[in-house]
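Data first, discussion second: the structure below is written as structure tokens.
The values are calculated or read from the model by the stated rules, or taken from the named source; none is laboratory data. The shown structure was predicted, so the numbers you read here are calculated from the model rather than taken from an experiment. All Cβ positions, even for glycine, are placed from backbone atoms using ideal geometry, and neighbour counts span all protein chains on display. Surface areas here come from the heavy atoms of the whole protein model, side chains and all, with no ligands, DNA or RNA. Shrake-Rupley method; radii C 1.70, N 1.55, O 1.52, S 1.80 Å.
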Amino acid sequence: AVELCTMKILLINHYAGNPTLGMEYRPYYLAREWVRSGHQVQIVGATYSHVRAQQPQPGDEVVDGIAYRWLPTPAYQGNGLGRMRNILSFMSQVWAQAQTLADSIKPDVVIASSTYPMDIWVARRIAQLASAGRTPAQRTKLVYEVHDLWPLSPIELSGMSPWHPFALICQSAEDAAYRDADLVVSMLPKVQQHMASRGLDLRKLAI
């Protein structure tokens, strides 16, 4: 008999949804398959996202074997200061709960997957805390999932200046993700040149 190696997976996705809430669906369907394979999955998301049809209530719930934690964040419209406050609220709460998440879940893998790249900072912190006391071979792995190339996408599509404060913050986070992640995954098929130009060792990239 083959013994399966089960993992504890923590996925941070600000905009995570499910069939009841609406988009984003990918976190749900990935997590559902991981659970079916015997893994434990915790998704951390925000209570407000502009892409959902319905917003969840703050707190913990289990959907199809997937543990969700919804952190309360303010509503917003558009891409102005309201959305920035929403992102900051979510990030600060995950940062504040980093030790609790590391201790309670003891994740083997932490995935940063929130479209914007700044969640790499909180994911990295949780991975470091969860790795305490483990051997190098056992340490928690850090995975960065690329949805869109930020800040390149808002610069090219929305005319944002590369020197805009938000673009500079995104650039700092993107560079940190390519430097510190154990694995970078993306469905974008032609990102190699850009990622390499920002410091990614392409041996860590999986398309």
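Things worth noting here:
- For region 169-188, the condition of being among the basic types (Lys, Arg), open to solvent by less than 70 Å² (accessible area, probe 1.4 Å) and not in a strand (DSSP E or B) holds for none of the residues.
- Count of residues meeting criterion [within 20 Å of the chain's Cα centre (by Cα) and free of Cβ contacts under 8 Å to residues at least 12 places away in the same chain] in region 175-200: 0
- Looking only at residues of region 61-73 that are out of contact with any strand residue (DSSP E or B) (no Cβ under 6 Å at 6 or more places or on another chain) and open to solvent by 60 Å² or more (accessible area, probe 1.4 Å), we find that the one that is nearest to His14 (Cα to Cα) is Pro72.
- Test result for Ser172, among the polar types (S, T, N, Q) and in contact (Cβ under 8 Å) with a residue 60 or more places away in the chain: no
- Close pairs from region 112-134: first open to solvent by 50 Å² or more (accessible area, probe 1.4 Å) and assigned to a loop (DSSP other than H, G, I, E, B), partner of a type outside the set (A, V, I, L, M, F, W, C) and at pLDDT 95 or above, Cβ under 7 Å, at least 6 apart: none
- Of all residues in region 7-53, those that are open to solvent by 80 Å² or more (accessible area, probe 1.4 Å) and in contact with a strand residue (DSSP E or B) (Cβ under 7 Å, 6 or more places away or on another chain) total 3.
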